[in-house]
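Note sheet for the following structure.
The values are calculated or read from the model by the stated rules, or taken from the named source; none is laboratory data. As the structure is a computational prediction, the values presented were derived from the model and not from experiment. Methodologically, a virtual Cβ is constructed for each residue, glycine included, from the backbone with ideal geometry; neighbour enumeration extends over all protein chains shown. Just so you know, the surface numbers come from the protein's heavy atoms only, side chains and all, with ligands and any DNA or RNA stripped out. Shrake-Rupley method; radii C 1.70, N 1.55, O 1.52, S 1.80 Å.
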Amino acid sequence: MYMEAKNVKFTYMVGSPFEKTALQNINLTLEPNSYTVLIGHTGSGKSTLIQLFNGLLKPTDGSIQIGNREIKRDTKQKHLYDVRKDVGMVFQYPEHQLFHETILKDVAFGPMNFGMSQEEAEKRAKESLKLVGIEEGLYERSPFDLSGGQMRRVAIAGVLASNPKTLILDEPTAGLDPQGKEDIMELFYKWYEVSEERSIILVTHHMEDAAKYGDQLIVLEQGGIHLTGTPKEVFLQGDRLRKTGLSQPETVRLLESLKDKSKGHIDTLKFHLNETVDEIVSFLRKDQ
Amino acid sequence: MNKDIVRIHNLSFQYRPNEPYVLTDINLTIKEREWITIVGHNGSGKSSLAKFLNALFIPDEDGEVYIYGLNTKERQNQGKVRKLVAMVFQNPDNQLVAPTVEDDVAFGLENTGVPREEMIERVKESIKIMGLEGFEKQEPHRLSGGQKQRVAIAGVIAMKPKVVVLDEATSMLDPVGRKEVMEYIRRVHNDVNMTVIMITHDLNEALFSDRIIVMKEGKILKDAPPIEVLRDEELLKKSLLKPTFEFEVQSKLKEKGINLFEISPQITNQKELVDALCTWKQKM
């Protein structure tokens, strides 16, 4: 789904002593079927931006386009409701939002809330649960009997069951063990690949994931866009990233440091372990 | 040789009867002033084990836990054990209770009736150790995640325990916050002379410890110095742990006939890896 931010400004608590502008001069285009990664420090405006793209907030100035709908400061609340059907949001620690007595009912809650019949909603719920790898034998159990990793999967299934076109992921792997992290990231990619209608916006602190999955990276800093481009374009600018307290993926950092010390010819923009090792091997074996 | 301060004998544990065991036949000894890291995937039993260390969990028939020689099964010991062993948990927001940083650090002391003069002294000292000077009057919820965890740790060390157990204390923090908290944990270990027991699934954070204890399905798979654990690829795979990036690079290079181990047996960080690569290149 096409999404765009036009001259967006967002200020919290306008007119109060606590007034604070969180975003300013934001101009962004998210193409259909794109995988966008938002990076930036705590407090850089990431959370505000994703809430604008999901209709949870309205811009103080400028406009947000989501598909063929436009959200401005005076857009009526009931129009935002439709937006939320199309844009699913996986918040941080989504398992904290589980509440129903059975796993199946919890996952079916979203689609039913959007007006689907119980039968249809449960069918959707089952499909989503299958996608996230929750076995059928667990459907009638309480979500609170599950392990942390499984609870996260159920919560994610709850978002997918509403069949959003764009999925917003806010640090979806925080607190999981390394294997769990990888599994969840792959699961989202699989969901994304299924249809050309689907897009993802990922908020993360993991530069490795940003490089691996993103086709567009957006670096936010103090409520503005600091850098934007493909992973290669962004991670080439190590100095500009470091200035905001961010870093490059570990593969790039290693290769840059090797290049600095050896003064050899090294292509530093490698994001995968194997290509990084190949680059090192070719450096070691080259006569220079 | 430092004395044994934690001794665990044949400890097994299940949350409810007829449920699988979360800990099976654990035997473990920890010495005073050691830095121990317990690693394992989600559900490996590491957090359950941690809760036995300060008598939050008490063994039933299966096994015994001694802290500074005190058997935690005996009621009169439990209070003492909790004074000796302090815990810091995962979520900073669940641990901070007071309206200002200094009040929060003082909270534990107030509850145990420490005299005012001494309390002020100890709060000041803990705040200094954790680098929180200037934040005394701030509201904890306005701090960054890393700063919040430092406040939580300051509150713990003000109680002057002998051992501090950190149960995934960095897992909710961003990379900057993690680094910051790790730095201060090193201080607590090196300057305040506390025994540190860290629970994590990030092997990068285990590099500074004296020993790594690898857990899987409630059992201890290995108890060895970091370098030995990191080099044991088989073990890491089996326990679903991700080797550190520097180790992954080394083992991939080895597959391609470049054995950096011959140049330097102890490569744990990026600088050492780059140095070894440059040495290798020069030798060619």
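Results for (1) under 13 Å from A:G223 (Cβ atoms); (2) surrounded by 14 or more Cβ atoms within 10 Å (Cβ to Cβ); (3) over 12 Å from the mean Cα position of the chain (by Cα), shown as yes or no for each residue.
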position	(1), (2), (3)
A:S34	no, yes, no
A:H41	yes, yes, yes
A:S44	yes, yes, yes
A:L49	yes, yes, no
**OP:** Would you mention how many residues in region A:81-111 are touching a strand residue (DSSP E or B) at 6+ places or on another chain (Cβ under 7 Å), open to solvent by less than 20 Å² (accessible area, probe 1.4 Å) and either assigned to a helix (DSSP H, G or I) or at positive phi (or both)?
**Re:** 1
Subject >> Considering residues of region B:92-115 that are within 14 Å of chain A (Cβ to nearest Cβ) and open to solvent by 70 Å² or more (accessible area, probe 1.4 Å) only, the residue nearest to B:F57 (Cα to Cα) >> reply: B:N94
Original post:
Taking only pairs six or more apart or across chains, which ones have beta-carbon atoms under 8 Å, a first residue in region A:269-288 that is farther than 20 Å from A:F235 by Cβ, and a second residue that is open to solvent by less than 30 Å² (accessible area, probe 1.4 Å) and part of a helix (DSSP H, G or I)?
Top reply: A:V281/B:L253; A:L284/B:L277
**OP:** Can you confirm whether region A:212-235 contains a residue that is assigned to a helix (DSSP H, G or I), in contact (Cβ under 8 Å) with a residue 60 or more places away in the chain and within 14 Å of another protein chain (Cβ to nearest Cβ)?
**Re:** yes
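Each row is one residue, and each column tells you yes or no for (1) touching a residue at least 40 places away in the same chain (Cβ under 8 Å); (2) surrounded by 18 or more Cβ atoms within 10 Å (Cβ to Cβ); (3) out of contact with any Gly (no Cβ under 9 Å at 6 or more places or on another chain).
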| residue | (1), (2), (3) |
| --- | --- |
| B:F57 | yes, yes, yes |
| B:E74 | no, no, yes |
| B:G79 | no, no, yes |
| B:Q90 | yes, yes, no |
Subject >> The listed residue being closer than 24 Å to B:L240 by Cα and open to solvent by less than 10 Å² (accessible area, probe 1.4 Å), out of A:P172, A:P164 >> reply: A:P172
Subject >> Condition broken by A:F271, with the remaining ones in (1) open to solvent by 20 Å² or more (accessible area, probe 1.4 Å); (2) more than 11 Å from every other protein chain (Cβ to nearest Cβ); (3) over 23 Å from B:L203 (Cα atoms) satisfied >> reply: (3)
Original post:
For region A:204-244, which residues satisfy the criterion of being over 27 Å from A:K6 (Cβ atoms), in contact with a Phe, Trp or Tyr (Cβ under 7 Å, 6 or more places away or on another chain) and among the small types (G, A, S)?
Top reply: A:A211
**OP:** Quick one: count up the residues across region A:237-251 that are free of Cβ contacts under 8 Å to residues at least 40 places away in the same chain and surrounded by 17 or more Cβ atoms within 10 Å (Cβ to Cβ).
**Re:** 1
**OP:** Kindly indicate the residue of region B:24-46 that is within 14 Å of chain A (Cβ to nearest Cβ) and open to solvent by 30 Å² or more (accessible area, probe 1.4 Å) and also nearest to B:L230 (Cα to Cα) among those meeting that condition.
**Re:** B:N42
Original post:
Do we have B:R211 as without any contact (Cβ under 8 Å) to a residue 60 or more places away in the chain and open to solvent by 30 Å² or more (accessible area, probe 1.4 Å) here?
Top reply: no
**OP:** State whether one or more residues within region A:85-97 are farther than 30 Å from A:K181 by Cβ and either among the aliphatic types (A, V, I, L, M) or within 14 Å of chain B (Cβ to nearest Cβ) (or both).
**Re:** no
Original post:
Limited to region B:240-284, what total is found for residues that are facing chain A (nearest Cβ under 10 Å) and not in a helix (DSSP H, G or I)?
Top reply: 9
